[in-house]
Amino acid sequence: MARTEVRVSGFGGQGIILSGYIIGKAAAIFDKKNATMTQAYGPESRGGACSAQVVISEEEINDPEVSAPSVVVAMSQEAFTTFTKDLDPGCTILIDEDLVQPGASRDKLFAIPAMRLAEEMGKKVVANIIMLGFFAGKTDVVSREAMEQAIQSSVPARFAELNLQAFRRGYDLAVAAA
Amino acid sequence: MSDQRSVLTGEHFVNGDWACAEGGLAAGCKFFAGYPITPATEIAERMSKRLPEVGGVFIQMEDEIASMNAILGASWGGSKSMTSTSGPGFSLMMENFGLGIMTETPCVLVNVQRGGPSTGLPTLVGQADMMQARWGSHGDYEVIALAPQSPQECFDLTIEAFNLSESYRIPVLVMSDEVVGHMTEKVVVPKPEDIHLVPRRKPSVPPEEFKAFQPREDLVPEMCTAGEGYYVHVTGLTHNERGYPVVTAEAQDRLVRRLVDKIRLNADRIIRVQEENLADADVIVVSYGISARTAKSAVAMARAKGYRVGFLRLITIWPFPEKRIRELARKVSAFVVPEINFGQIAREVERCAGGRARTIAVTHAGGAIHHPGKVLSVIEEAIRVKSGSGLVEETLVLR
């Protein structure tokens, strides 16, 4: 596999950076590839626009910047507007359908109500992990097993089961809709 | 050898700042004094959590002036010690960094560079403290400075910095930058027994014969620890071999010449560079830190187009690899030097090239990293225009 670039975006407090971290960790530690994550966020830790960029490759990664992503995850309208301009036609876009109005129809755009599903599970904070499950099901950037291991080793032990359930919820939706 | 708790053996997906802290711990650092500053705060934060776990001490000081002094004191107290900072804090540390040079005190200072001058760009990258690292404190001296390009190197080079500081009794600088510090990648931490550590060279003679500033053959003196029965006087004033002030031209010549020579005459042992494709090169790209990574992308693109381009990465920035640049200047037509400043290391390259090859500074004011495509266009220009010497500047706009 040559270089693959992923951008996860939304606003501070949604777990965007953690999502990028989990994708990178799944690739680097559990899929045994190279992965580089960088992040961009404003001075405010909650509410401001933020994004995580992950570059994954079987070769050495020199340039850490994402310039032609294969996958963009947008968890807010602002993020969608900012990060879905000038994309390659083959780029997969994943959105939370309650938080993002995509406007014109696009190929390879997939939506789930991640936040609403998380509320149904009784934990709004796992919306990002539901989205990660959807991401794992809709793309082949990282393996499902690696993602589950990365989640398990990145969240507090007492919340591991909840997060894995959230992940599987998103994954199952992606596979069912395919 | 470090103990198990200090070395988190295994594979970690972590940022460069975390890796600097863990590198310090793996090297046996037991004392950290610092003041939080973006983008170096994560180093202090990690140390504040980890040092108490390994029987060490973390102190958040009132400022960076005190932080630098505290790590010097801790070193004379027998601890391996470390601090971290960025631009404005680095400026404040400069006075006592000089005290560390003069008193020959081993310790490590990490500067996670951001855009300057002044408070500049707190959250964004720069590499414009390279000359401050060399000349930021007053007086004449030599320094050792290393530049990591990845979280793995943040770990490895922080250990190396501790080893060099013990080998040459000198504060050693790790010149990281915001992108490397905040970038997350896999870091492999070896087993404690596989980590090479240089222990402090303790007195080989009894207290009555010991002189704390009497050099051995390699010009470096042995060092005693407070509380072990050795009497020592430590001062920033020019001093004799016992450490007592002697304010004369002769004492100055003897001491400061040795402080300079202990690094200059050992430069070949200290300097590390990474070289690729130099044998057939017409043009060599010279870079370091984060800029070396984007530069390497550009070199790969250039070679794919059939250009004979070599790559030289400076792992050690100071002492500068003068000899190597001089040799290479006889064989190539140009050096291309991308860095996130207005030509600090490019001027060193130009000085060593000595008019035998052109030096093209690929400059950048900071706040972002070089675009590999832009560096490629400068390489292509360097290949096309073969004539000329001296320093040329290619200014980059934001990517």
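The values are calculated or read from the model by the stated rules, or taken from the named source; none is laboratory data. For clarity, every value in this text was computed on a predicted model and none was experimentally measured. Glycine gets a Cβ as well: all are built from the backbone with ideal geometry, and neighbour counts include every protein chain shown. Note: areas computed on protein heavy atoms with side chains; ligands, DNA, RNA excluded. Shrake-Rupley method; radii C 1.70, N 1.55, O 1.52, S 1.80 Å.
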*Scan around B:ARG114 for amide H atoms under 5 Å from its own, H built in the peptide plane at 1.01 Å from N, and keep only partners 5 or more places away or cross-chain.*
B:GLY87, B:GLY126
*Just report the Cα centroid separation between the stretch B:36-74 and the stretch B:189-251, whole Å.*
24 Å
*Would you tell me the accessible area of A:THR81, worked out with a 1.4 angstrom probe on the heavy atoms of the protein chains, in Å² to the nearest 10?*
80 Å²
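Percent relative contact order of chain A, based on C-alpha pairs within less than 8 angstrom and at least six residues apart?
On the way: 364 pairs, mean separation 38.3, N = 178.
Relative contact order for chain A comes out at 22 percent.
What is the average number of partner chain Cβ atoms found within 10 Å of a Cβ in B:180-187?
Working: counts 1, 0, 4, 6, 14, 10, 10, 1.
Shielding by partners across B:180-187 averages 6.
From the mean inverse distance of alpha carbon pairs (Kirkwood) and the Cα radius of gyration, derive Rg over Rh for chain A. Spell out each step's value before the answer.
Values: Rg = 14.8 Å, Rh = 15.9 Å.
Rg/Rh for chain A comes to 0.93.
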*asked:* Can you bin every Cα-Cα distance in the stretch B:253-399 into 10 Å intervals starting at zero and give me the percent of pairs per bin, rounded to whole numbers?
replied: 12, 43, 31, 10, 3, 0
*Once phi is turned into ³J(HN,Hα) by the Karplus curve 6.51 cos²θ - 1.76 cosθ + 1.60 with θ = phi - 60°, what whole-Hz value does each residue of the stretch B:366-382 show in order, with x for glycine and proline?*
x, x, 7, 9, 4, 8, x, x, 6, 4, 4, 5, 6, 4, 4, 5, 5
*Full extension from B:VAL247 to B:TYR231: what is 0.36 nm times the residue separation minus their Cα-Cα distance, to one decimal in nm?*
3.6 nm
_Using alpha carbons only, how many angstrom separate the centre of the stretch A:98-129 from the centre of the stretch B:129-181?_
46 Å
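Send over the Kirkwood Rh of the stretch A:107-178, from the inverse of the averaged 1/r over different Cα pairs, rounded to one decimal Å.
Working: mean 1/r = 0.0831 Å⁻¹.
After inverting the pairwise mean of 1/r, the radius is 12.0 Å.
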*Between the DSSP loop rule and a limit of at most 13 other Cβ atoms within 10 Å, which trypsin sites (Lys or Arg not before Pro) in the stretch A:9-92 are left?*
A:LYS32, A:ARG46, A:LYS85
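Share of the stretch B:1-48's accessible area from carbon and sulfur, percent, 1.4 Å? Numbers along the way, then the final one.
Numbers: 790 of 1510 Å².
Carbon-and-sulfur percentage of accessible area, whole number: 53.
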*Determine ³J(HN,Hα), in whole Hz, for all residues of the stretch B:305-314 in sequence, where each value follows from phi through the Karplus function 6.51 cos²θ - 1.76 cosθ + 1.60 and θ = phi - 60°; x replaces Gly and Pro.*
8, x, 7, 8, 10, x, 9, 10, 9, 7
*How many nm is it between the label spots at B:THR123 and A:ALA104, if each spot is 7 Å from the Cα in line with the beta carbon?*
3.1 nm
*Tell me, what ³J(HN,Hα) does each residue in the stretch A:131-144 have, in order and in whole Hz, if you take phi through Karplus 6.51 cos²θ - 1.76 cosθ + 1.60 with θ = phi - 60° and put x for Gly and Pro?*
5, 5, x, 4, 4, 5, x, 8, 10, 10, 5, 9, 7, 4
*How big, on average over all directions, is the shadow cast by the Cα convex hull of the stretch A:1-42, in nm²?*
3.1 nm²
_Set of lysines with alpha-carbon distance to B:LYS30 below 17 Å, sequence-local pairs under 8 removed_ = B:LYS49, B:LYS80
*Based on the alpha carbon coordinates of the stretch A:95-144, what radius of gyration and maximum Cα-Cα distance (Dmax) apply, in Å?*
11.8, 33
*asked:* In whole percent, and with a 1.4 Å probe on the protein chains, what portion of the accessible area of the stretch A:4-177 is carbon and sulfur?
replied: 49 percent
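Please label the shape of the stretch B:16-112 as rounded, prolate or oblate, based on the square roots a ≥ b ≥ c of the eigenvalues of the alpha-carbon gyration tensor (a/c under 1.5 means rounded; beyond that, a/b larger than b/c means prolate, else oblate).
Values: a/c = 1.69, a/b = 1.12, b/c = 1.50.
Oblate, because a/c is 1.5 or more while a/b does not exceed b/c.
Roughly how compact is chain B, stated as its Cα Rg over 2.2 N^0.38 Å to two decimals?
Numbers: Rg = 21.2 Å, N = 399, 2.2 N^0.38 = 21.4 Å.
Dividing the Cα radius of gyration by 2.2 N^0.38 Å gives 0.99.
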_Between helix B:151-168 and chain B: long-axis angle, C-alpha atoms, 0 to 90°, nearest 10_ = 50 degrees
*asked:* Give the average over all directions of the projected area of the C-alpha convex hull of the stretch B:4-194, one decimal, in nm².
replied: 9.2 nm²
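Quick one: pull the percentage of alpha-carbon pairs in the stretch B:74-129 with a separation above 14 Å.
Values: 874 of 1540 pairs.
That tail contains 57 percent of the Cα-Cα pairs.
Could you grab the Rg to Rh ratio for the stretch B:138-284? Cα atoms only, Kirkwood for Rh.
On the way: Rg = 19.1 Å, Rh = 18.1 Å.
Checking Rg against Rh, the ratio lands at 1.05.
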*Return one number: the angle in degrees, 0 to 90 and rounded to the nearest 10, between the long axis of the Cα atoms of helix B:41-53 and the longest principal axis of the Cα atoms of chain B.*
40 degrees
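Full extension from A:SER67 to A:ALA40: what is 0.36 nm times the residue separation minus their Cα-Cα distance, to one decimal in nm?
Extending this stretch completely gives an extra 8.3 nm.
Which value in Å does the Kirkwood hydrodynamic radius of the stretch B:297-363 take, with 1/r averaged over all unlike C-alpha pairs and then inverted? Don't skip to the answer; put the middle values down first.
Numbers: mean 1/r = 0.0801 Å⁻¹.
Over the stretch B:297-363, the inverse of the mean reciprocal pair distance is 12.5 Å.
Tell me, which longest segment in chain B has none of the GluC sites (Glu not before Pro) that fall in DSSP loops with at most 14 further Cβ atoms within 10 Å? Mind showing how you got there, number by number?
On the way: sites that count: B:GLU62, B:GLU217, B:GLU228.
Here the longest run is B:229-399.
In Å², rounded to the nearest 100, what is the total accessible surface buried by chains B and A against each other with a 1.4 Å probe? Walk me through the numbers before you get to the answer.
Numbers: alone 15580 and 8650 Å², together 22720 Å².
Approximately 1500 Å², summed over both chains.
Where Rh is the Kirkwood radius over the Cα pairs of the stretch B:84-224, the temperature 20 °C and the viscosity 1.002 mPa s, what D in µm²/s does Stokes-Einstein return? List each step's numbers first, then the result.
Numbers: Rh = 16.4 Å.
Estimated diffusion coefficient is 131 µm²/s.
Do any of A:LYS25/A:LYS123; B:LYS296/B:LYS323; A:LYS33/B:LYS374; B:LYS305/B:LYS374; A:LYS85/A:LYS124; A:LYS25/B:LYS191 go past 18 Å between their Cα atoms, and which? Numbers along the way, then the final one.
On the way: A:LYS25/A:LYS123 24 Å; B:LYS296/B:LYS323 23 Å; A:LYS33/B:LYS374 28 Å; B:LYS305/B:LYS374 15 Å; A:LYS85/A:LYS124 29 Å; A:LYS25/B:LYS191 21 Å.
Flagged as over cut-off: A:LYS25/A:LYS123; B:LYS296/B:LYS323; A:LYS33/B:LYS374; A:LYS85/A:LYS124; A:LYS25/B:LYS191.
Which loop-located chymotrypsin sites (Phe, Trp or Tyr not before Pro) does the stretch B:208-246 contain, where loop means any DSSP state but H, G, I, E or B and the Cβ has at most 15 other Cβ atoms within 10 Å? If you can, show how the numbers build up before the last one.
On the way: sites: B:PHE210, B:PHE213, B:TYR230, B:TYR231; in loops: B:PHE210, B:PHE213, B:TYR230, B:TYR231.
Passing both the DSSP loop test and the Cβ count: B:TYR231.
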_With 20 Å bins from 0: P(r) over the protein assembly as shown, alpha-carbon pairs, percent_ = 20, 49, 26, 5, 0
*So which aspartates and glutamates can A:LYS108 reach, going by Cα to Cα under 15 Å and dropping same-chain residues fewer than 8 places off?*
A:ASP86, A:ASP88, A:ASP96, A:GLU97, A:ASP140
